[in-house]
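> A single structure is presented below for examination.
The values are calculated or read from the model by the stated rules, or taken from the named source; none is laboratory data. Given the structure is predicted, the values throughout are model-derived calculations rather than measurements. Virtual Cβ from ideal backbone geometry, glycine too; neighbours counted across all protein chains shown.
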Amino acid sequence: MTVAAQANPLLSLDYVPALESLGDDYYDIVAAAEFPQTLLRFRNDDLLPRIGLDPATVSDKHFVEAFGKFAGRSPFLALRYHGYQFGAYNAFLGDGRGFLYGQVQGQDGNLYDFGTKGSGTTPYSRGGDGRLTLKGGVREVLAAEALHALGVRTSRTLSLIETGEALFRGDEPSPTRSSVMVRFSRSHIRFGTFERLDYLDRTDLIQRLLEHVIEVYYPAASQLSDRLERYERFYQDLVQRTAELAAQWMSVGFCHAVLNTDNMSITGESFDYGPYAFIDQYDPQFTAAYFDYSSRYCYRNQPPICRLNLQMLQKPLQRVMPKEAMAAVLEQFEAHYEQAYSQLLLKKLGFVTLAEPLGSDLVKQTLKLLNAVTVGYHDFFRALAEQFSPSWAETADQIFSTTMQSSDAEAQAALAQWRQHYQQALQTQSPESLAQMSAQLQQTNPRTVLLRPEIEAIWEPIVAENDWQPFYKLLQRVQHPFD
């Protein structure tokens with residue numbers, strides 16, 4: 001029997017109605033759009049074993065049938081949520097161009113959600129067409145795969161299908177091509193899902209949803225028998241996960257761009273990649289979204305914005321747990337963030353561990369240097385990986401002796417000061433550790449970074465000649481950024 005003739009493995013999965021079982025106070029049942037064309041542009045075979053499927057048994061036709069024609073599955077759930085968007089509360093949100101396609105138990109025991117983007121209008125489309133541009137889909141595929149390869153806790157893209165419609169957008173040359181995407185994530189539930197229930201004065205629904213979230217996504221909290229202890233442990237874990245996520249973004253030089261509360265996952269996972277960007281040079285004020293006029297979501301603001309969003313989440317949660325307890329937990333956000341960020345940046349500098357205060361001092365000096373010199377953020381760490389020598393522990397002048405030279409006095413002073421700190425840190429390492437540092441640097445600092453010019457360079461052949469080979473080549477590189 002050929003693969004194409006077999007029953008569709010994607011439709012034969014054991015779908016779990018976990019969120020559906022909570023009742024229709026949380027969602028609307030919707031229908032998928034019918035598209036004039038369905039061309040598979042991306043399938044993520046890396047994810048199929050996670051849900052018990054052998055990629056060799058899943059054909060392109062199976063992907064198109066399940067995620068382009070939406071045959072053989074129902075119901076589809078458009079989730080209801082609100083959110084703070086650029087600081088202002090918006091009660092007119094919800095899944096406006098997507099829905100929860102289904103939930104599947106992974107081979108690791110975790111529950112995973114398939115969520116669509118671009119699958120048609122819903123009650124929350126607010127006059128929009130419910131579609132996703134092909135370029136938007138391409139950008140999200142690349143972002144999710146790049147972040148995953150760099151160690152960021154992120155959603156992934158399961159498939160991207162071009163759908164043959166002409167879309168009109170203000171931020172792309174129009175008409176532009178259309179697509180539908182399926183996102184693979186831990187949960188479709190957002191901070192804004194709880195905020196909507198608070199707005200509606202539904203304490204009962206908040207408690208039911210919170211118990212569900214804890215049972216499915218927070219195993220340590222779910223083991224506690226006391227209700228308030230269970231809730232507080234959930235919030236502790238969410239605060240730590242979110243702080244660590246912010247540290248991951250910052251260390252890899254990623255700017256999400258739109259950190260509204262409806263774009264914050266209740267599992268502490270990164271998702272929904274619109275006008276994101278990886279920084280080129282180290283610029284704390286870098287702002288990825290052209291419409292973020294006040295730079296609210298600029299690169300350096302990501303940790304405090306995540307903290308603020310956690311604080312805003314206290315408003316619905318205080319209906320079922322003491323606000324004072326949450327406030328005390330949130331005070332630990334900065335400590336969680338600083339520990340995670342320092343650890344990640346020290347790894348980029350070649351160290352597995354480094355005693356305090358030497359570690360935090362070296363991190364500060366590194367950021368000071370990056371502020372002072374004209375060098376790419378990723379270029380700096382890549383040059384460190386390529387030039388490193390254990391002999392640097394003996395002579396500070398050898399460190400970056402042929403690069404980053406500048407006539408600027410401030411830059412020269414910053415480099416000299418950083419060399420001293422870096423040499424001091426190297427001198428605390430054993431000969432064995434110094435010998436292993438080169439490999440550590442090579443495995444932590446990518447050769448390929450998904451900068452905007454890279455994306456534009458592969459998009460032009462798609463537009464001009466429908467040539468997808470540059471996209472697939474770039475995808476291969478961002479999936480293996482250290483090769």
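> Could you figure out which of (1) more than 15 Å from Asn309 (Cβ to Cβ); (2) crowded, with 24+ Cβ neighbours inside 10 Å; (3) out of contact with any Lys or Arg (no Cβ under 8 Å at 6 or more places or on another chain) isn't true of Gln223?
(2) is the only condition that Gln223 fails.
> Within segment 174-194, does at least one residue satisfy the condition of being touching a helix residue (DSSP H, G or I) at 6+ places or on another chain (Cβ under 8 Å), over 27 Å from Arg97 (Cβ atoms), outside any helix (DSSP H, G or I) and modelled with pLDDT of 95 or more?
no
> Would you point out the residue of segment 121-141, among those that are more than 25 Å from Glu460 (Cβ to Cβ) and β-branched (Val, Ile, Thr), that is surrounded by the most Cβ atoms within 10 Å (Cβ to Cβ)?
Here the residue is Thr122.
> Continuing with this model, one more query. Could you check how many residues of segment 443-478 are under 23 Å from the mean Cα position of the chain (by Cα), in a helix (DSSP H, G or I) and either crowded, with 16+ Cβ neighbours inside 10 Å or of a type in the set (Asp, Glu) (or both)?
11
> Please verify whether Leu77 is assigned to a strand (DSSP E or B) and within 23 Å of Pro9 (Cβ to Cβ), treating the condition exactly as stated.
So Leu77 fits the description; yes.
> Sticking with this structure for a sec: Can you tell me which residue within segment 2-47, out of those that are among the β-branched types (Val, Ile, Thr), under 25 Å from Phe191 (Cα atoms) and more than 26 Å from the chain's Cα centre (by Cα), is surrounded by the most Cβ atoms within 10 Å (Cβ to Cβ)?
So the residue we want is Val30.
> Just to check your reading of the model, which residue among Asp467, Asp397, Asp408 is free of Cβ contacts under 8 Å to residues at least 24 places away in the same chain and assigned by TED's automatic domain parsing to the domain that holds Thr366?
Matching residue, one of Asp467, Asp397, Asp408: Asp397.
> To continue, here is another question. State whether the residues of segment 196-208 include one that is under 24 Å from the mean Cα position of the chain (by Cα), part of a helix (DSSP H, G or I), farther than 30 Å from Lys347 by Cβ and at pLDDT 95 or above.
yes
> Can Ala355 be described as within 27 Å of Glu244 (Cβ to Cβ), more than 25 Å from the chain's Cα centre (by Cα) and surrounded by 19 or more Cβ atoms within 10 Å (Cβ to Cβ)?
no
> Select from segment 180-218 the residues that are closer than 30 Å to Ala143 by Cα and basic (Lys, Arg) and write down the one among them that is surrounded by the most Cβ atoms within 10 Å (Cβ to Cβ).
Checked segment 180-218; the qualifying residue surrounded by the most Cβ atoms within 10 Å (Cβ to Cβ) is Arg190.
> Given the structure, is Phe42 more than 15 Å from Gly106 (Cα to Cα), in a strand (DSSP E or B) and not aliphatic (A, V, I, L, M)? Even if it seems obvious, please write down each step before you answer.
Numbers: more than 15 Å from Gly106 (Cα to Cα): yes; in a strand (DSSP E or B): yes; not aliphatic (A, V, I, L, M): yes.
When the stated conditions are applied, Phe42 passes them.
> Next up: Out of curiosity, is Arg307 within 17 Å of the chain's Cα centre (by Cα) and not small (Gly, Ala, Ser)?
yes
> Restricting to segment 293-318, name every residue that is of a type in the set (A, V, I, L, M) and either without any contact (Cβ under 8 Å) to a residue 40 or more places away in the chain or touching a His at 6+ places or on another chain (Cβ under 6 Å) (or both).
Within segment 293-318, just Leu308 meets the criteria.
> Of the conditions (1) assigned by TED's automatic domain parsing to the domain that holds Thr38; (2) in contact with a strand residue (DSSP E or B) (Cβ under 6 Å, 6 or more places away or on another chain); (3) among the polar types (S, T, N, Q), Ser174 fails just one. Which one is it?
Here Ser174 clears every test but (2).
> Assuming Ala396 fulfils every condition listed in (1) over 25 Å from the mean Cα position of the chain (by Cα); (2) under 26 Å from Gln248 (Cα atoms) apart from one, which condition is it?
Every condition holds for Ala396 apart from (2).
> Might you check whether a residue that is assigned by TED's automatic domain parsing to the domain that holds Met181, in a helix (DSSP H, G or I), within 19 Å of the chain's Cα centre (by Cα) and crowded, with 24+ Cβ neighbours inside 10 Å occurs anywhere in segment 146-163?
Looking through segment 146-163, at least one residue is assigned by TED's automatic domain parsing to the domain that holds Met181, in a helix (DSSP H, G or I), within 19 Å of the chain's Cα centre (by Cα) and crowded, with 24+ Cβ neighbours inside 10 Å.
> Hey, another quick one. Within segment 200-220, count every residue that is within 23 Å of Pro17 (Cβ to Cβ), aliphatic (A, V, I, L, M) and touching a Lys or Arg at 6+ places or on another chain (Cβ under 7 Å).
Adding up the residues that qualify gives 2.
> Right, next: Based on this model, can you work out whether Tyr290 counts as surrounded by 23 or more Cβ atoms within 10 Å (Cβ to Cβ) and not in a helix (DSSP H, G or I)?
Criteria not met by Tyr290.
> Related question: Quick one: which residue in Gln429, Gln365, Gln420 is outside the structural domain of Arg300 (by TED's automatic domain parsing), part of a helix (DSSP H, G or I) and in contact (Cβ under 8 Å) with a residue 40 or more places away in the chain?
Gln365
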